[in-house]
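One structure is given here, and the rest of the page talks about it.
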Protein chains: 2
Amino acid sequence: MWTFDAPPIEYWRKTYGFAPDQRWLDHVRLSAIRIPGCSASFVSANGLVLTNHHCARGCTDAVSPKDSNYIETGFAAANLADEKKCADMWADQLISIEAVTDRVRSAVTGATPAEQTRQRAAAIDRIETECKQTTGLNCQVVSLYQGGIYSLYRYKRYTDLRLVMAPEEQIAAFGGDPDNFTYPRYDLDMTLLRVYDNNAPFHPTDYLRWSANGAAEGEPIFLVGNPGSTGRLNTLAQMDYLRDIGYPAQLGFYKRALANYHEMISHDPSAARRFQNQVFGIENSQKAVGGYLAGLIDSARMAKKRDFESEFRARINNDPALRAQYGGTFDAVANAQRELGSFAKQARNYGFGPSVGLGGSTLMAMAAQIVRVASEATKPDSLRLVAYRGAGLENIKKGLLSERQVDPTFEKLGLTTQLRLAQQELPPDDPFVRAALGGRTPEQAADALISGTKLTDLSVRRALVEGGPAAVAASTDPLIVLARTIDPLNRRMIVRADSLNAIISANAALIGQALFATYGTALPPDATFTLRISDGVPKSYPQAGTIAPYKTTYYGLYERAAAFDYKDPFTLPQRWVARKDRLTLTTPYNFVSTNDIIGGNSGSPVINKNAEVVGLAFDGNFIGIGSRFVLNPDTDRMIAVHSAGIIEALRKMYDGARIADELQGR
Amino acid sequence: MWTFDAPPIEYWRKTYGFAPDQRWLDHVRLSAIRIPGCSASFVSANGLVLTNHHCARGCTDAVSPKDSNYIETGFAAANLADEKKCADMWADQLISIEAVTDRVRSAVTGATPAEQTRQRAAAIDRIETECKQTTGLNCQVVSLYQGGIYSLYRYKRYTDLRLVMAPEEQIAAFGGDPDNFTYPRYDLDMTLLRVYDNNAPFHPTDYLRWSANGAAEGEPIFLVGNPGSTGRLNTLAQMDYLRDIGYPAQLGFYKRALANYHEMISHDPSAARRFQNQVFGIENSQKAVGGYLAGLIDSARMAKKRDFESEFRARINNDPALRAQYGGTFDAVANAQRELGSFAKQARNYGFGPSVGLGGSTLMAMAAQIVRVASEATKPDSLRLVAYRGAGLENIKKGLLSERQVDPTFEKLGLTTQLRLAQQELPPDDPFVRAALGGRTPEQAADALISGTKLTDLSVRRALVEGGPAAVAASTDPLIVLARTIDPLNRRMIVRADSLNAIISANAALIGQALFATYGTALPPDATFTLRISDGVPKSYPQAGTIAPYKTTYYGLYERAAAFDYKDPFTLPQRWVARKDRLTLTTPYNFVSTNDIIGGNSGSPVINKNAEVVGLAFDGNFIGIGSRFVLNPDTDRMIAVHSAGIIEALRKMYDGARIADELQGR
């Protein structure tokens, strides 16, 4: 995941016999664009933009006619006039990158961490404002290597994007949740948009041509897009914490939340539809976090990380100058992580866990917030708990003062789950357990608390939030009474965690500096949802005792549908049933490669040495989820829609000759 | 894997609402037959026999015409006259089962284990001979529950079997070694034979009818065949030994052997063909043993086993009668296994490991045997090492006195590998290391030993074997000189291992008795390559982050071939390319079910409640290899060719309407 100002030209020359010049790099950078949460690219002289179906889902849904939905029916504009304007969509094109580390760092002169944080934020704000004023571009200072260095990214923003073509979600996400994050795959996860300028198609200076045949196995290809976030430069101690404490706790929350949703659904079939999005979201997170955890347990990956870290620490320790600056950083992080772990059970229970929307009680969480807001609001900003500083306090208040529909049965279930967890994880004489249960079972306590509260009523919440400490102190609402008792316990946990996390951040930034000082750009920074280029080759990999092929074909789509007897989520859109015989079934459909990919890269173009589109990245394979912390090129794979599969679908299924011709420059 | 004299009728009734009567059971038992190394069944009124392609490979190869080979071309007899007689093939039909535990056990009155072994063998021999004389059938006393009980199995043998139809191996074993033991699968692993009697088709009393549609997902189905060997009743201590010592050592031998073969092939491309079978064999074993080991490491499986064993041991300890008889057995096994482990490194190195054909030196192994044979031959049978008792000595002699082609380069490589292992695993002052290396590197020692030996010459070996101890003592052949030095070291290891293994067997038999006494037939005995019936349902399972479907279709065959660009082993026979459009591609091809399967079950019919063939078992899935020790129905699956897929292939690909009509009773 190389930045465009530090591409590893020599490494590419050695590995692929390919050393792109600055023109190639500029052309590719200017062809690539970033859309909200995803990546995309210009793919025609008339401003066609290629991205994933799931990246443009909001627009596809919003521009649908009243009586049907393009998510279900698919859509292909017959002509320009038929292209549908997306309301809230924009695209950012990266115009230039400038190093600003010295400007940021020289502004940080304060003695305390809090002062330093303020000075750093002010310097960044100054640089961004000045850049905006002088260039008219959108400017962002990006912190790389965990604050080790800073770069100024300047973007041109396009705001008129229109929907040109989107297949049915059924085929874009064929295989649904089971096939999500897995391979072999059979998804047409694509959407075409067009950038307009003054109500006419925009003609970009740079766009990617279409490859005639796509990439062969072993051919060098490049993924160009905006990977969101990785933790590869984290220390082992940070990873150990996630492995032993953070992720297991998170997975526990997902599991209990899903159990609660299923409990609700078992009593009320209509709940299945109501909770569908939440359930899908949690299943998705469960699969992702399960994969992160598997990566952290994977001995091959972790051996690599351990070797790297010991070598790096040895370098620091053997160099007096480095040792003086960075010698204590790893131990400082490890000690802070260890201490965070020592009270993690209390912290997550006293704080009622990540409860809202995760199967916990929304009302209980609101009660805790109301009590905390009352006292935080009386303090000067710099003395508040971290989450309540800056805009934090107002945002939390806004959340408390908006209408919220809560289901009392679900609330009782959620609170019962939380109290049961506390009962399991904490000793019986723990003050939280005594206060919350007071000798009752979790069910009895939750029933009494939820039945007795009036916090469902917005005016009651408003009176408490606006009434401040006095109103809170006077309240007899059972949830507020409990939250008042718990608050001092919870506050101690938060203060302790805030200060340990500050130690971790400060030392992580120092480690980032040390990494950059030691390895330079030979070691790319962690992903930051900014433009990167990653190299690789289409390649099969070992899976489930055999080999997963480097590509799939349209035969496989019909195989997987038939193998599951066309049951959801393996149903085929009507069009794909009726027009099957038009397809050349051996056409490559999806493919995998060794290119490094992570969330945010969705919609990235995959290009060959001629900067031609050979694919459209949309996912990674299951074991590759573990690449969040350590990449294993033997097993981790990017998954893309094949360029030939896109053309075949456009021409044979969507009457899209107009669009296919434009892509192919005909 | 239930025996036919103890089917779990009540369990089936509860689980499937199906309680077959004795007629159903007799019909199924008599329809099933056993062929060498495999299972099979009668599937027509005219004696058609269905089994796997790999089970009849020898016959298919042998009956091929001079100028071509049915393994490559496939074969379907146009009429009865065209059916080809297999030279060395027979089929055994299980006529009856009789319990003979008391007869065997009452014959064992001796005081020493050796005497008991002799008495037991004599009693079994008596029962088998008497049975053969009175019934004219082939009789075999089967030891179940590790010698806990004994049953007499009577078989009718059929010896005239003819080849009716065999597809190309390319399609029978499509996917080759990579897809072996895995799923989703696309193999037409079938062959049809016919039993003849007096040169006319035999009309069996019982045969299985063909199912019209095959089995639906979730429908109860039964696998009827001869599972070869499982270790589920082994104690945890036995499994721990295999996990920590036995299997890792075995995998080490495979790995080094493959490296040696590849080394040979890298210098001499013709070696690839020459060593093809050995390499395939080792890869197959590597995959199997790797799977066994994975099963023993699998925490879910082993937790089940641990729970069972502690519950069983608690039952024994809490019952004074059981405790008196069986109380010490588990500890005795554990102690013996632990002691075996304590000298495993010496034992495998002094004995030159499982070297022959596994990348070791054949000449070194022969030298060691010549030295050992000389001294063992001078002793009475009962005082010999175990492997030299009975027919052992003569068989070993015969091996030494047969022509053997050895490749000196390969021999040096093999001996170098063995000596290098000894150098790595044993301390430098180990007497073996000192004698074998004498200060030389493994390469130097192997080079000198192999260059200097005359054991390649059969007459030299004969002179030594026939010359006895004096000839061996006088030999100056460097391999014999080394073997003479090593022999006393190795002998101590063998004697020690023999006596510990005797302790393990004796206690395992007691544990088997205790298991049978405690759980009866509710706990089926370990597999013994005798007829069993196992129940299950077609069912998908979780794999590689998603779901593996319960069935595949012909679409998938063409997908997998295309996805690998038709590269070996994913090529298609010409017939399957030319006639593709004849096929209904949605026809079910292979399917998986929860039926318990293990090697030996190959060729077993899979039947529904009406005793109709719904499939032909040929393999298990990858994770299911771990079922050798503990079955996990959540993940372990049998793989079968679907009955509909067989008919489709016969009719559309092999001009086999004659055969398909016969199967379908038309």
Kindly establish whether B:THR552 is farther than 22 Å from B:ALA611 by Cα, of a type in the set (Val, Ile, Thr) and either under 30 Å from the mean Cα position of the chain (by Cα) or open to solvent by less than 30 Å² (accessible area, probe 1.4 Å) (or both). yes
Consider A:THR182 carefully, then state whether it is more than 14 Å from every other protein chain (Cβ to nearest Cβ) and part of a loop (DSSP other than H, G, I, E, B). no
Looking at region A:200-250 only, could you name the residues that are within 14 Å of chain B (Cβ to nearest Cβ) and small (Gly, Ala, Ser)? A:GLY214, A:ALA215, A:ALA216, A:GLY218
If you scan region B:173-200, which residues turn out to be open to solvent by 30 Å² or more (accessible area, probe 1.4 Å) and more than 30 Å from B:ASN621 (Cα to Cα)? B:ASP197, B:ASN198, B:ASN199, B:ALA200
Flagged in region A:588-632 as more than 21 Å from A:PRO220 (Cα to Cα) and either over 15 Å from the mean Cα position of the chain (by Cα) or hydrophobic (A, V, I, L, M, F, W, C) (or both), in numbering order, are A:PHE622, A:ILE623, A:ILE625, A:PHE629, A:VAL630
Specify which of the listed residues (B:ALA611, B:ALA578) is over 23 Å from B:ASP26 (Cα atoms), among the aliphatic types (A, V, I, L, M), modelled with pLDDT of 95 or more and out of contact with any Phe, Trp or Tyr (no Cβ under 6 Å at 6 or more places or on another chain). B:ALA578
Quick one: A:THR235 ticks every box in (1) open to solvent by 10 Å² or more (accessible area, probe 1.4 Å); (2) within 26 Å of the chain's Cα centre (by Cα); (3) over 22 Å from A:GLY645 (Cα atoms); (4) of a type outside the set (Lys, Arg) bar one, so which box is it? (1)
Can you list the strands (runs of 3 or more DSSP E) lying wholly within region A:473-548 that have 1 or more residues being closer than 18 Å to A:TYR145 by Cβ and not hydrophobic (A, V, I, L, M, F, W, C)? A:532-536
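Going through region B:595-607 one residue at a time, which ones are outside any strand (DSSP E or B) and either surrounded by fewer than 21 Cβ atoms within 10 Å (Cβ to Cβ) or in contact with a Leu (Cβ under 8 Å, 6 or more places away or on another chain) (or both)?
Result: B:ASN595, B:ASP596, B:ILE597, B:GLY599, B:ASN601, B:GLY603, B:SER604.
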Looking at region B:305-351, which of its residues are within 19 Å of B:TYR247 (Cβ to Cβ) and either in contact with a strand residue (DSSP E or B) (Cβ under 7 Å, 6 or more places away or on another chain) or of a type in the set (Val, Ile, Thr) (or both)? B:VAL333
Selected residue (only one of B:ALA473, B:ALA463, B:ALA445 is closer than 23 Å to B:GLY252 by Cβ and among the small types (Gly, Ala, Ser)): B:ALA445
Top-ranked residue in region B:251-293 [being within 14 Å of chain A (Cβ to nearest Cβ) and open to solvent by less than 20 Å² (accessible area, probe 1.4 Å); ranked as nearest to B:ILE623 (Cα to Cα)]: B:GLY291
Close pairs from region B:299-313: first at negative phi, partner hydroxyl-bearing (Ser, Thr, Tyr) and part of a helix (DSSP H, G or I), Cβ under 9 Å, at least 6 apart: B:ARG301/B:SER627; B:PHE312/B:THR518; B:PHE312/B:TYR519
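I'm trying to understand the selection: among the residues of region A:185-194, which are in a loop (DSSP other than H, G, I, E, B) and among the basic types (Lys, Arg)?
A:ARG185 - this is the single residue of region A:185-194 that is in a loop (DSSP other than H, G, I, E, B) and among the basic types (Lys, Arg).
For region A:619-641, which residues satisfy the criterion of being assigned to a strand (DSSP E or B) and either modelled with pLDDT under 95 or open to solvent by 10 Å² or more (accessible area, probe 1.4 Å) (or both)?
A:ASP619, A:GLY620
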Enumerated strands (runs of 3 or more DSSP E) restricted to region B:110-172, each holding at least 3 residues that are in contact (Cβ under 8 Å) with a residue 24 or more places away in the chain and either surrounded by fewer than 20 Cβ atoms within 10 Å (Cβ to Cβ) or small (Gly, Ala, Ser) (or both): B:138-144, B:149-158
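Results for (1) under 21 Å from B:ILE504 (Cβ atoms); (2) out of contact with any Pro (no Cβ under 6 Å at 6 or more places or on another chain); (3) of a type in the set (A, V, I, L, M), shown as yes or no for each residue.
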residue: B:ILE265; (1), (2), (3): no, yes, yes
residue: B:PRO269; (1), (2), (3): no, yes, no
residue: B:ASN277; (1), (2), (3): no, yes, no
residue: B:TYR292; (1), (2), (3): yes, yes, no
residue: B:PRO320; (1), (2), (3): no, yes, no
residue: B:TYR326; (1), (2), (3): yes, yes, no
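For every residue, the table says whether it meets (1) away from every other protein chain (no Cβ under 14 Å); (2) closer than 20 Å to A:ALA544 by Cβ; (3) touching a residue at least 12 places away in the same chain (Cβ under 8 Å).
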{"site": "B:PRO588", "(1), (2), (3)": "no, no, yes"}
{"site": "B:VAL592", "(1), (2), (3)": "no, yes, yes"}
{"site": "B:GLY603", "(1), (2), (3)": "yes, no, yes"}
{"site": "B:VAL613", "(1), (2), (3)": "yes, no, yes"}
{"site": "B:ILE623", "(1), (2), (3)": "no, yes, yes"}
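Hey, could you check region B:538-552 for residues that are touching a residue at least 40 places away in the same chain (Cβ under 8 Å) and in contact with an Asp or Glu (Cβ under 6 Å, 6 or more places away or on another chain) and say which is farthest from the other protein chains (Cβ to nearest Cβ)?
Going through the qualifying residues, I end up with B:PRO538.
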Residue count for region B:388-433, restricted to those that are farther than 15 Å from B:ALA446 by Cβ, hydrophobic (A, V, I, L, M, F, W, C) and touching a residue at least 40 places away in the same chain (Cβ under 8 Å): 3
Matching residues, region A:555-569, being at the interface with chain B (Cβ under 9 Å from one of its Cβ atoms) and either open to solvent by 10 Å² or more (accessible area, probe 1.4 Å) or in contact with a Phe, Trp or Tyr (Cβ under 7 Å, 6 or more places away or on another chain) (or both): A:TYR555, A:GLY556, A:LEU557, A:TYR558, A:GLU559, A:ARG560, A:ALA561, A:ALA562, A:PHE564, A:ASP565
Considering region B:504-537, residues that are small (Gly, Ala, Ser) and in contact with a helix residue (DSSP H, G or I) (Cβ under 9 Å, 6 or more places away or on another chain), and then whichever is nearest to the other protein chains (Cβ to nearest Cβ), we arrive at B:ALA508
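The values are calculated or read from the model by the stated rules, or taken from the named source; none is laboratory data. As the structure is a computational prediction, the values presented were derived from the model and not from experiment. Here Cβ is always computed from backbone atoms with ideal geometry, including for glycine, and neighbour counts include all displayed protein chains. SASA here: full protein model, heavy atoms, side chains in, ligands and nucleic acids out. Shrake-Rupley method; radii C 1.70, N 1.55, O 1.52, S 1.80 Å.
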